[in-house]
Amino acid sequence: MSRNRTTFVIGAVASAAIGIYGLTVTGAFAETNVFDRFLKDANPPSYEGNYFCKAIASGGLFYDEVNKSWSGASFNTGDTQFVLGMKERPESKAEPLAMLRFYDVDIKDMQSGQVSKCTKSKFAKNDDEARVPVDKSAMVYCTRSLYFDYTINMSTLRYINTYMAFFLTKDEEEPKEQGEAPGVDTPYIQGGQCVKLN
């Protein structure tokens, strides 16, 4: 992009920002200040770091084989705890006008010690499908191990986790986590709270 073209684009964005914020400024210096403010207000803050998260409540459905019907249930959250890892990617800084930050997201189960990627796409085939975008809303949406969907508000540090797989099969056909009791593979939604570690 030529220098004249760059100046025109910056000027146009700055002019838009002046209109949005209701400012009256003159001169190139003031225009640059407005543009900087526009970038600061438009882009989300960085949420890079590690967060300890703990489930507080859980509920869902189970299928009653005797009555042949679905029923609601509240579940014991047990010791559901994990560490959410947010590592900001270089392209966040390379694209200041994108109004997004991109992260590699990991979830470490505190009970098993297993670390899993949480990706933008359930079937992430490349780097772009794996990176998780976060905009001004501060919301993180990602999927772990194909079946666990997380929605995390990085501003309030509250999260929900949903599980919607395998519950249509018979118990003996259900893939089990290590140590999982028979007949507990049911759809659920779980809510919890996180605190930042570092």
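The values are calculated or read from the model by the stated rules, or taken from the named source; none is laboratory data. For clarity, every value in this text was computed on a predicted model and none was experimentally measured. FYI the Cβ positions are ideal-geometry reconstructions off the backbone, even for glycines, and counts take in every protein chain you see.
A Cβ distance below 9 Å, combined with a sequence gap of six or more or placement on separate chains, defines the contacts here; from the stretch 64-79, residues that are at negative phi reach residues that are among the polar types (S, T, N, Q) and not in a strand (DSSP E or B) in the pairs 73/186; 75/186; 79/111. Going through the stretch 126-165 one residue at a time, which ones are acidic (Asp, Glu) and without any contact (Cβ under 8 Å) to a residue 24 or more places away in the chain? Within the stretch 126-165, 127, 128, 129, 149 meet the criteria. Restricting 147, 47 to those that are out of contact with any Ser or Thr (no Cβ under 8 Å at 6 or more places or on another chain) and closer than 18 Å to residue 191 by Cα reduces the list to 147.
A single entry from 38, 52 fulfils the requirement of being modelled with pLDDT under 60, under 27 Å from the mean Cα position of the chain (by Cα) and either surrounded by 14 or more Cβ atoms within 10 Å (Cβ to Cβ) or among the hydroxyl-bearing types (Ser, Thr, Tyr) (or both): 38.
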